[in-house]
Amino acid sequence: MPQLNKLRTALPGAPGGHTATSSTARLRTALTVFFALDGFLFAGWVVRIPAIKHQTGASASGLGLALLGVSAGAVVTMMLTGRLCRRFGSHAVTVVCGVLLSVSIALPAQARSAFALGLVLLVFGAAYGGMNVAMNSAAVDLVTALRRPVMPGFHAAFSLGGMIGAGLGGLVAGALSPAAHLFALTGIGLLVTATAGPALLRRPRPGPPAPSSTSASARVADDSGAQPRPARHARRTVLLFGVIALCTAYGEGALADWGALHLEQDLRAHPGTAAAGYSLFALAMTAGRLGGTMLLQRLGQTRTLVAGGATAAAGMLLGSLAPTSWAALLGFAITGLGLANIFPVAVSRAGEVSGPSGVAAASTLGYGGMLLGPPTIGFLADWFSLPTALTTVALLASAAAVLGYAARGTTRT
């Protein structure tokens, strides 16, 4: 067995305990950096969507079809990444996808038509989807080894990276062309991957805890007092949590790709203010996730799901229908607070029910919602209007709250 697996359960005062703690801390730090990098690069792309839409001359539906390239590339890769992680290890796959994502971020700015944009977004989406599945697989292994509900912390890093990426994009939007900006992000991504990657490659995947142990995340999950379900219900339960993840990720993807355009096009906001919309949304999600562990311990996971979905629905109704940009920004912030912990909770509950396969299934459904949301919003915007299309985020957030309440009787099997 690898040294980490032998030492990870050592008591702090026992021989080897300090070594295990230090090694696990370095692994956790490296994974946190990759989550932050993923959010940083994705936000750098989304804040330049209005400029690239103008550059390609795409209509709302044409842009929606082009954004479908991200979805298609990601879905195909997500179906394969689980096998790659089992064969090569989730740490190695995370590092490789970090390189591919950093390189592909520069491609959209080279497109001169909606068709060309869709093709390059296939590559970008493949790298993005692969990195998300690999990172979450590695994080679930580490959470299991730590026996603590720290998954919101990793997703907080993603949100923090998104906030920084969007904020930086807003600052340089008037000074740098999309090509120069995204090429600079390629250099930053490669540098960060080269710095944090070795910490993942040198460390094996942490092993699971002893069968007799009860993880902290499982104790938090059992707030309903229900008895474990039979194994035949596991797949249905994982599907339920996967749909909850999809509902909330739909909103995150819609705001990422269409929030800035809504502020700039419908509310006549300055481009810098429009770019700040996603930054504020990401800041609210970061704050919500940084307090996620405490919230889960106080409310339990069922109440966290229900309260989060209801809050996000109210915030998005304000954000989509508000008559001024400042009221819309407030709505985006409330939406971010509501959505903050729903995805991490849904993925963790799926893992408690069905182990790593449950995490993979729920994550794929969830990120599918994030990637399929933007093209759906594009079509609805052409048929109705962009503000009306964005109200579907509130509808699905409400659905997540209802499903979260319906899932109160499920625990791990």
| (1) open to solvent by less than 50 Å² (accessible area, probe 1.4 Å); (2) of a type outside the set (S, T, Y); (3) touching an Asp or Glu at 6+ places or on another chain (Cβ under 9 Å): which one isn't true of R303, the others all being true? | (1)
| task | Working only within region 218-249, note down all residues that are open to solvent by less than 20 Å² (accessible area, probe 1.4 Å) and either at pLDDT 85 or above or not aliphatic (A, V, I, L, M) (or both). | result | T237, V238, F241, G242, I244, A245, C247, T248, A249
| Set A126, A145, A139, A111: member being within 18 Å of the chain's Cα centre (by Cα) and open to solvent by less than 20 Å² (accessible area, probe 1.4 Å) | A139
| Would you call A333 assigned to a helix (DSSP H, G or I), open to solvent by 10 Å² or more (accessible area, probe 1.4 Å), over 23 Å from A260 (Cα atoms) and modelled with pLDDT of 90 or more? | no
| Of all residues in region 372-385, how many are open to solvent by 10 Å² or more (accessible area, probe 1.4 Å) and either in contact (Cβ under 8 Å) with a residue 12 or more places away in the chain or of a type in the set (S, T, Y) (or both)? | 7
| Is it true that A394 is part of a helix (DSSP H, G or I) and farther than 29 Å from R147 by Cα? | yes
| said: Restricting to region 362-413, count the residues that are small (G, A, S) and over 28 Å from H233 (Cβ atoms). | reply: 6
| Candidates L160, L121, L168, filtered to the one that is open to solvent by less than 10 Å² (accessible area, probe 1.4 Å) and not hydroxyl-bearing (S, T, Y) | L121
| remark: Cβ pairs under 9 Å, 6+ apart or interchain, first in region 47-75 and without any contact (Cβ under 8 Å) to a residue 60 or more places away in the chain, second buried (at least 19 other Cβ atoms within 10 Å of the Cβ) and outside any helix (DSSP H, G or I), ordered by first then second residue, are A66/A58; A66/A111
| query | Of V103, V133, which residue is surrounded by 17 or more Cβ atoms within 10 Å (Cβ to Cβ) and assigned to a helix (DSSP H, G or I)? | reply | V133
| Any idea which of G153, G129, G169, G161 is on the phi < 0 side of the Ramachandran plot, touching a His at 6+ places or on another chain (Cβ under 8 Å) and at pLDDT 80 or above? | G169
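The values are calculated or read from the model by the stated rules, or taken from the named source; none is laboratory data. Just so it is clear, the structure is predicted and the values come from calculations on it, not from any experiment. Every residue, glycine as well, gets a Cβ built from its backbone with ideal geometry; the counts of neighbours run over all protein chains shown. Please note that ligands, DNA and RNA were not included when accessible areas were found on the heavy atoms of the full protein model with its side chains. Shrake-Rupley method; radii C 1.70, N 1.55, O 1.52, S 1.80 Å.
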